[in-house]
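One structure is given here, and the rest of the page talks about it.
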Amino acid sequence: MEKSKLVLTADDFGVDDSINQGIINLAKADIIDSVEVLANYGENGQLSIENTLKLLDEIEASNPDLELGVHLTITSGKPIEETSGLSSILCKGHFISAKKTNSDADPQAIYEELKKQVEVLKSNPRIWSKVTHLTNHHDALWFFPKYTEMYVKVANEYNLPIRNPQVFPTWNALLYYKYLGPRKASKDDKQQSRSAYELRQVGKFALSELNYRSTNYLDSSHYSLWRTILDSNPYIPEEFIERRQVALREIFQRIQTISSEQQSPQVVEALFHVRFGGMNNSKVKLRKKERIEKGIDAFDEFDLPNYNGISTTYFDGRSVEYNSLFWEHGSPGGLKRLYDNHEVERGKWSDCIPRKLYKS
């Protein structure tokens with residue numbers, strides 16, 4: 001039987017020096033396969049472009065096959081172009097946070113904004129030659145069916161695969177999509193999000209039949225805010241890291257188990273959130289006055305000062321994930337041992353398969 005494929009991806013590149021450096025270090029060491037770039041940092045995304053070019057310069061010799069994804073967002077930073085159709089999800093020009101977002105934006109305006117974010121990276125030929133897929137920040141484009149349609153429409157127009165909304169572990173996805181996503185949204189919007197999640201679990205979609213390309217599933221088990229809060233001792237960083245290494249090894253074991261049970265090779269994305277930096281200097285707190293000036297519905301207390309929607313409360317968790325990958329990479333046999341022992345190969349986004357959600 002053909003071997004299963006695993007793509008290791010790192011989210012949120014382009015907007016913070018510590019996150020960027022962590023991703024660059026992992027890419028230079030040829031540990032990760034794919035980097036998800038937020039394209040809306042700086043005027044017309046110019047800072048996103050500059051940071052991405054720096055990434056490509058750094059990894060050119062050691063990881064020339066690194067893939068880039070456009071990490072589309074409607075919950076962080078600013079739109080490439082502020083329009084009236086987006087006004088319901090903006091505060092002082094910034095996207096409002098994922099937990100407060102709503103379904104009231106004009107779908108056509110969402111579609112046009114997503115295309116503009118793609119076009120930021122497409123405007124630079126060197127970057128665009130590396131772009132192979134789309135993902136979406138906070139998974140917010142899956143919250144409301146009207147936005148999901150626009151997301152899939154954009155993906156299909158550019159003939160790019162997208163991240164699978166079918167997530168392992170399922171309990172983690174259940175918590176997020178049903179309770180932790182737009183948790184401060186209106187009652188109707190929270191119900192929309194929950195209903196959309198429940199329909200996806202049985203292969204259905206509320207508005208139409210959706211056809212796209214993706215992996216068999218997304219494994220987010222290495223990334224867990226709850227694992228950081230509940231399972232680890234902040235005074236023993238080694239314990240943090242060792243627990244994540246266990247989760248990393250389980251990702252490989254799970255692929256092998258599912259492949260054997262289904263008698264079919266799997267294509268899987270494993271998701272990581274990383275940064276380069278210590279765990280004691282990670283939290284930034286914005287004063288209320290700053291939040292009011294920037295837009296209190298957009299900036300949470302611990303957001304990055306210049307880019308909302310990236311919470312510094314999880315920076316220690318990002319440092320743990322970063323070290324977990326490097327510790328495993330430096331162990332006897334390294335990550336190659338895990339691939340070989342579980343009959344898994346490093347994958348590419350071109351390995352993605354056709355997926356379908358049927359009209360409810």
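The values are calculated or read from the model by the stated rules, or taken from the named source; none is laboratory data. Because the structure is predicted, anything quoted here is derived from the model rather than measured. Glycine also receives a Cβ, built like all others from the backbone with ideal geometry; neighbour counts cover every protein chain displayed. Accessible surface areas use protein heavy atoms only, side chains included; no ligands, DNA or RNA. Shrake-Rupley method; radii C 1.70, N 1.55, O 1.52, S 1.80 Å.
Out of (1) under 19 Å from S360 (Cα atoms); (2) crowded, with 19+ Cβ neighbours inside 10 Å; (3) among the acidic types (D, E); (4) modelled with pLDDT of 95 or more, the odd one out for D189 is which?
Exception for D189: condition (4).
What single numbered condition from (1) assigned to a loop (DSSP other than H, G, I, E, B); (2) surrounded by 16 or more Cβ atoms within 10 Å (Cβ to Cβ) fails to hold for G278?
The single condition G278 does not satisfy is (2).
Taking the condition in contact with a Phe, Trp or Tyr (Cβ under 9 Å, 6 or more places away or on another chain) and more than 30 Å from A27 (Cα to Cα), does Y111 pass?
Numbers: in contact with a Phe, Trp or Tyr (Cβ under 9 Å, 6 or more places away or on another chain): yes; more than 30 Å from A27 (Cα to Cα): yes.
Spelling it out, Y111 is indeed in contact with a Phe, Trp or Tyr (Cβ under 9 Å, 6 or more places away or on another chain) and more than 30 Å from A27 (Cα to Cα).
Those residues that are among the hydroxyl-bearing types (S, T, Y), out of contact with any Lys or Arg (no Cβ under 7 Å at 6 or more places or on another chain) and open to solvent by 10 Å² or more (accessible area, probe 1.4 Å), I need them from the range 13-54; list them, please.
Initially, the range 13-54 is screened for residues among the hydroxyl-bearing types (S, T, Y), giving 18, 34, 41, 48, 52.
Checking which are out of contact with any Lys or Arg (no Cβ under 7 Å at 6 or more places or on another chain) leaves us with 34, 41, 48, 52.
Hit for the range 13-54 is Y41, nothing else.
Counting only residues that are open to solvent by less than 10 Å² (accessible area, probe 1.4 Å) and either part of a helix (DSSP H, G or I) or among the hydroxyl-bearing types (S, T, Y) (or both), which one in the range 126-146 is farthest from Q166 (Cα to Cα)? Show your work before the answer.
Within the range 126-146, the first condition is being open to solvent by less than 10 Å² (accessible area, probe 1.4 Å), and the residues that meet it are 127, 133-137, 140-144.
Subsequent filtering for residues that are either part of a helix (DSSP H, G or I) or among the hydroxyl-bearing types (S, T, Y) (or both) retains 127, 135, 137, 140-142.
Working: I127: 28, T135: 13, H137: 15, A140: 14, L141: 14, W142: 11 Å.
The residue in question is I127.
All but one of (1) modelled with pLDDT under 95; (2) out of contact with any strand residue (DSSP E or B) (no Cβ under 9 Å at 6 or more places or on another chain) hold for E261; which doesn't?
(1)
Taking the range 55-65 as the search range and keeping residues that are in a helix (DSSP H, G or I) and not charged (D, E, K, R), which one is surrounded by the fewest Cβ atoms within 10 Å (Cβ to Cβ)?
Going residue by residue through the range 55-65, those that are in a helix (DSSP H, G or I) are 55-59.
Still in the list and also not charged (D, E, K, R): 55-56, 59.
Details: L55: 25, L56: 20, I59: 23.
Only one residue fits best here, namely L56.
Is one or more of the residues making up the range 229-243 at pLDDT 80 or above and in contact with an Asp or Glu (Cβ under 7 Å, 6 or more places away or on another chain)? First the steps, then the outcome.
Taking the range 229-243 and keeping what is at pLDDT 80 or above, we get 238-243.
When the remaining residues are screened for being in contact with an Asp or Glu (Cβ under 7 Å, 6 or more places away or on another chain), the result is 243.
Yes, because at least one residue in the range 229-243 is at pLDDT 80 or above and in contact with an Asp or Glu (Cβ under 7 Å, 6 or more places away or on another chain).
Modelled with pLDDT of 95 or more, open to solvent by 20 Å² or more (accessible area, probe 1.4 Å), under 17 Å from the mean Cα position of the chain (by Cα) and not hydroxyl-bearing (S, T, Y): does that describe N216? Reasoning before the result, please.
Values: modelled with pLDDT of 95 or more: yes; open to solvent by 20 Å² or more (accessible area, probe 1.4 Å): yes; under 17 Å from the mean Cα position of the chain (by Cα): yes; not hydroxyl-bearing (S, T, Y): yes.
In short, yes.
Of everything in the range 153-183 that's over 17 Å from the mean Cα position of the chain (by Cα) and modelled with pLDDT of 90 or more, which residue is farthest from P107 (Cα to Cα)?
Restricting to residues being over 17 Å from the mean Cα position of the chain (by Cα) and modelled with pLDDT of 90 or more, the top hit is N159.
Tally up the residues in the range 293-323 that are within 25 Å of I31 (Cα to Cα), touching a Phe, Trp or Tyr at 6+ places or on another chain (Cβ under 8 Å) and outside any helix (DSSP H, G or I), please.
Adding up the residues that qualify gives 1.
Of all residues in the range 103-117, count the ones that are closer than 20 Å to A185 by Cα and hydroxyl-bearing (S, T, Y).
1
Looking at S97, S103, S76, which is the one that is in a loop (DSSP other than H, G, I, E, B), touching a residue at least 60 places away in the same chain (Cβ under 8 Å), within 30 Å of D30 (Cα to Cα) and not basic (K, R)?
Values: S97 fails: within 30 Å of D30 (Cα to Cα); S103 fails: within 30 Å of D30 (Cα to Cα).
Of S97, S103, S76, the one residue that is in a loop (DSSP other than H, G, I, E, B), touching a residue at least 60 places away in the same chain (Cβ under 8 Å), within 30 Å of D30 (Cα to Cα) and not basic (K, R) is S76.
Could you please let me know if N156 is polar (S, T, N, Q), open to solvent by 70 Å² or more (accessible area, probe 1.4 Å) and either touching a residue at least 12 places away in the same chain (Cβ under 8 Å) or farther than 29 Å from E60 by Cα (or both)? I'd like the intermediate steps shown before the answer.
Working: polar (S, T, N, Q): yes; open to solvent by 70 Å² or more (accessible area, probe 1.4 Å): yes; either touching a residue at least 12 places away in the same chain (Cβ under 8 Å) or farther than 29 Å from E60 by Cα (or both): yes.
Judged against the criteria, N156 is a match.
Would you check which residues across the range 237-267 are in a helix (DSSP H, G or I) and among the hydroxyl-bearing types (S, T, Y) and list them? Walk me through how you get there before you give the answer.
Looking only at the range 237-267, we keep the residues that are in a helix (DSSP H, G or I), and these are 237-262.
If the condition is that a residue be in a helix (DSSP H, G or I) and among the hydroxyl-bearing types (S, T, Y), then T257, S259, S260 are the ones that fit.
Going by what's in this entry, would E113 be described as touching a Leu at 6+ places or on another chain (Cβ under 9 Å), crowded, with 23+ Cβ neighbours inside 10 Å and free of Cβ contacts under 8 Å to residues at least 40 places away in the same chain?
Against the criterion (touching a Leu at 6+ places or on another chain (Cβ under 9 Å), crowded, with 23+ Cβ neighbours inside 10 Å and free of Cβ contacts under 8 Å to residues at least 40 places away in the same chain), E113 qualifies.
Considering each residue of the range 324-356, count those that are farther than 21 Å from E261 by Cα and in a helix (DSSP H, G or I), and give that number.
Residues that pass the stated criteria total 12.
With the checklist (1) in contact with a helix residue (DSSP H, G or I) (Cβ under 9 Å, 6 or more places away or on another chain); (2) open to solvent by 80 Å² or more (accessible area, probe 1.4 Å); (3) not acidic (D, E) in hand, flag the one item K289 doesn't pass.
In the conditions (1) in contact with a helix residue (DSSP H, G or I) (Cβ under 9 Å, 6 or more places away or on another chain); (2) open to solvent by 80 Å² or more (accessible area, probe 1.4 Å); (3) not acidic (D, E), K289 misses (1) alone.
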